[in-house]
Amino acid sequence: MNTIGNLILRALLLFLPAMVANASPVLIVGKIVKNGHPIDLGYILKDGRRLFGEGKTWEGLISGIITSSLVGLSYAKYTTNNYWIMYGIVVGLGALLGDLLNSFVKRRLGKGRGDPFPPFDQITFIIGAFIMIKVSGIEALTGIYLNSTDLLIGVAIAGILHPVSNYIAYKLGLKSVPW
Ligand code: CTP
Ligand code: MG
């Protein structure tokens, strides 16, 4: 039966690799690596602003994909389907690319690293994950097809969890700003 609780749990599980991919760079680059290497290699566009900025690093990208693949690995343990690790990687990559696009747009709008850009800071990674799930063909392998309700609930969950987790990260000293 499709109770609301079931729908929320389904979206949560399907987007969990995206949420983990989005959150782990803050932890890993914030606490362990400290000075990551920027993905844009410092490249400045004609508008005088960075391509992505100092907050998007290779270390963050790689750690996000590793942790999202681990979420997929944990799903694979509970199913007979071998494709969940690949699902974790696809979803993590989509989330991180969505987040990169968000930073690209922020830089073009003249926003500095870490400047708030609601609601896009909170949801572009979910949309990126959703698009990647659709275009990669992974649904045919896992046998689970995402629909617009999944996307809506995923966006709502991220919209609520993102500010809460950012505030916790700020309080733990992982982030310099509470957003
Ligand atoms: N981070 C990273 N690499 C990524 C994503 C995030 O190293 N691909 C780390 C950075 O230390 C970043 C922190 O996680 O500062 C928080 O991520 P996020 O809020 O997405 O970046 P911002 O610092 O807000 O940068 P931007 O303004 O470009 O969104
Ligand atoms: Mg931010």
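Any read-out appearing in this document is the output of simple, stated calculations on the displayed coordinates, not a laboratory observation. Keep in mind that this is a model prediction, so the values were computed, not measured. Using ideal geometry, Cβ is built from the backbone for each residue, glycine included, and neighbour counts are taken over all protein chains shown.
Over all alpha-carbon pairs of the stretch 85-156, lay out the pair-distance distribution in 5 Å bins, whole %, shortest bin first.
Going out from 0 Å in 5 Å bins, the stretch 85-156 shows 4, 17, 24, 21, 15, 10, 6, 2, 0 percent.
Would you kindly calculate the mean projected area, averaged across all directions, of the convex hull enclosing the Cα atoms of the stretch 58-101, in square nanometres? Numbers along the way, then the final one.
Details: hull surface 10.6 nm².
With every direction weighted equally, the projected area is 2.7 nm².
Tell me the net charge near ARG49. Cut-off is 15 Å between Cβ atoms, ARG49 excluded, with +1 for each Lys or Arg and -1 for each Asp or Glu. Before the final figure, lay out each step's value.
Numbers: positive: LYS46, ARG50, LYS56, LYS106, ARG107, ARG108, LYS111, ARG113; negative: ASP40, ASP47, GLU54, ASP115.
Value of the local net charge: +4.
Skipping prolines and chain starts, which residues have an amide H placed within reach, meaning under 5 Å, of the one on THR57, given they are 5 or more residues away or on another chain?
ILE39
What number, in percent, do you get for the relative contact order of the chain if the mean sequence gap of Cα pairs under 8 Å and at least 6 apart is divided by its residue count?
After rounding, I find 24 percent.
For the stretch 4-171, what ratio Rg/Rh do Cα atoms give with a Kirkwood hydrodynamic radius?
Rounded to two decimals, Rg over Rh is 0.98.
Eight or more residues apart or on different chains, and alpha-carbon atoms under 16 Å: count the Lys pairs in the stretch 4-171 matching that.
Values: LYS31/LYS56; LYS31/LYS171; LYS34/LYS56; LYS46/LYS106; LYS46/LYS111; LYS56/LYS106; LYS56/LYS111.
Taking the stretch 4-171 as the scope, the lysine pair count is 7.
Show me 124-131, 137-144 ranked by packing, highest mean number of other Cβ atoms within 10 Å first.
Ranking the peptides 124-131, 137-144 by packing returns 124-131, 137-144.
What angle do you read, to the nearest 10 degrees and between 0 and 90, between the alpha-carbon axis of helix 148-171 and the longest principal axis of the chain?
Tilt of helix 148-171: around 50 degrees.
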